[in-house]
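I have placed the structure first, in the form of structure tokens, so that the comments after it can refer back to it.
The values are calculated or read from the model by the stated rules, or taken from the named source; none is laboratory data. Nothing here was measured: the structure is a model prediction, and the numbers come from that model. Because the Cβ atoms are built from the backbone with ideal geometry, glycine has one as well, and the counts that use them run over all protein chains shown. Calculation scope for accessible area: heavy atoms of the full protein, side chains included, ligands and nucleic acids excluded. Shrake-Rupley method; radii C 1.70, N 1.55, O 1.52, S 1.80 Å.
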Amino acid sequence: MAASGEFKNKSELRVFESTDELATDLAEYISQLSENSVKETGCFTIALSGGSLISFMGKLCEAPYSKTVDWTKWYVFWADERAVAKNHVDSNYKLTKDAFLSKVSILNSHVFSINDHVTVEDAAGEYEFAIRQLVKIRTVGVSERNDCPRFDLILLGIGPDGHVASLFPHHPALELKEEWVTYITDSPKPPPERITFTLPVINSASNVAIVATGEEKAMAANLAIAGSNENSDFSALPARMVQPTDGKLVWFLDSAAASALEVSNGGSQNAM
Ligand SMILES: O=C(O)[C@H](O)[C@@H](O)[C@H](O)[C@H](O)COP(=O)(O)O
């Protein structure tokens, strides 16, 4: 690890010289969270995003994790999903299945993908209903603060514009307080129709990890992590609004994505 830093708001920054190093540390981080959660609650609930993030899950499919992780206790969700057929090249389900799910022994009945035969609005409503049922039977934990589902880990990517999941700058979806899952039909990043977790759900997670690699993410990562409070328009950068209430946020950056940050080695920094 090239550098790391703890911030006042309990978030942590990990910077890596290479994406291979990042993927190795990410696998260890996820494996550890899985082990702790299975010990505590008997299961591990993880929500994934799309994009390059999934390519960094490959190490989890290799030794030692392929053998040490108790995959039968995993429950997999999507923090956002495109409203396309599950076998479509744009589907996050397809992306995750090809790169990860097809290589580990997670039970099919523990994988919760969206209904791709209905409208995006209905898909969002059905997805939220399914999660509400799983909270009722305590498969998914619940936040004591606001009855939101409390996922053990939500894995997010970040766009050059600072979007996370399918929550884009200045979008009304950022304001939602009651809904757990919503839908958009105007995504600036194609395809246009998507479902997405809302911020209350993301910020109710026990752990959130944001993974960013490449120069094109450097500005958004810097603004989100070290942006000055003068720029109080948080809605301009959804990634800055990821502040888990009773959870921990860890940033995984390669050196290119961290290139706009001045992070002293191991030093602490004022974050957002
Ligand atoms: O479905 C999506 O498009 C994603 O969930 C989205 O939030 C993605 O994670 C970021 O856009 C980063 O994508 P890249 O890492 O591929 O740039």
Please list, by residue number, every one of the GluC sites (Glu not before Pro) in region 64-153 that is coil in DSSP and has at most 12 other beta-carbon atoms within 10 Å. Glu144
Put a dot 7 Å past each Cα toward the Cβ at Ser102 and Asn87; how far apart are the dots in nm? 1.2
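Suppose we keep just the DSSP beta bridges with both residues in region 2-271; what percent of those would be antiparallel, to 5? It would help to have the intermediate numbers written out before the result.
Numbers: 14 of 37 bridges.
So the antiparallel bridges in region 2-271 amount to around 40 percent.
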Going 7 Å from the Cα of Thr119 along its beta-carbon direction, which residues of region 144-186 have the amide nitrogen within less than 13 Å of the resulting point? 183-185
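Run the helix sum for the chain: -39,500 (n - 2.57) per DSSP H stretch of 4+ residues, divided by residue count, reported at 222 nm to the nearest 500 deg cm²/dmol. Present the calculation step by step, with values, prior to reporting the outcome.
Details: 6 runs with 65 residues, N = 272.
Taken over the chain, the calculation gives -7000 deg cm²/dmol.
Taking all protein chains in place and a 1.4 Å probe, what share, in percent, of the accessible surface of region 1-87 do carbon and sulfur account for? Intermediate values should be presented prior to the final figure.
Numbers: 1810 of 3540 Å².
That fraction is 51 percent.
Quick check on my link table: of Lys94/Lys177; Lys136/Lys248; Lys217/Lys248, which ones sit more than 27 Å apart, alpha carbon to alpha carbon? The partial results should precede the final answer.
Working: Lys94/Lys177 30 Å; Lys136/Lys248 24 Å; Lys217/Lys248 21 Å.
From Lys94/Lys177; Lys136/Lys248; Lys217/Lys248, over 27 Å: Lys94/Lys177.
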If you find the alpha carbon centre of region 202-221 and of region 68-140, how far apart are they in angstrom? 21
Sequence-distant or interchain residues sharing an amide H contact under 5 Å with Trp251, placed H: which? Glu12, Leu13, Arg14, Ile210
With all protein chains present, region 92-164 has a carbon and sulfur share of its accessible area (1.4 Å probe) in percent of 50
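If you count only protein heavy atoms with a 1.4 Å probe, what accessible area per residue comes out for the chain, rounded to a whole Å²? Mind showing how you got there, number by number?
Details: 11590 Å² over 272 residues.
Using a 1.4 Å probe on heavy atoms only, each residue of the chain averages 43 Å².
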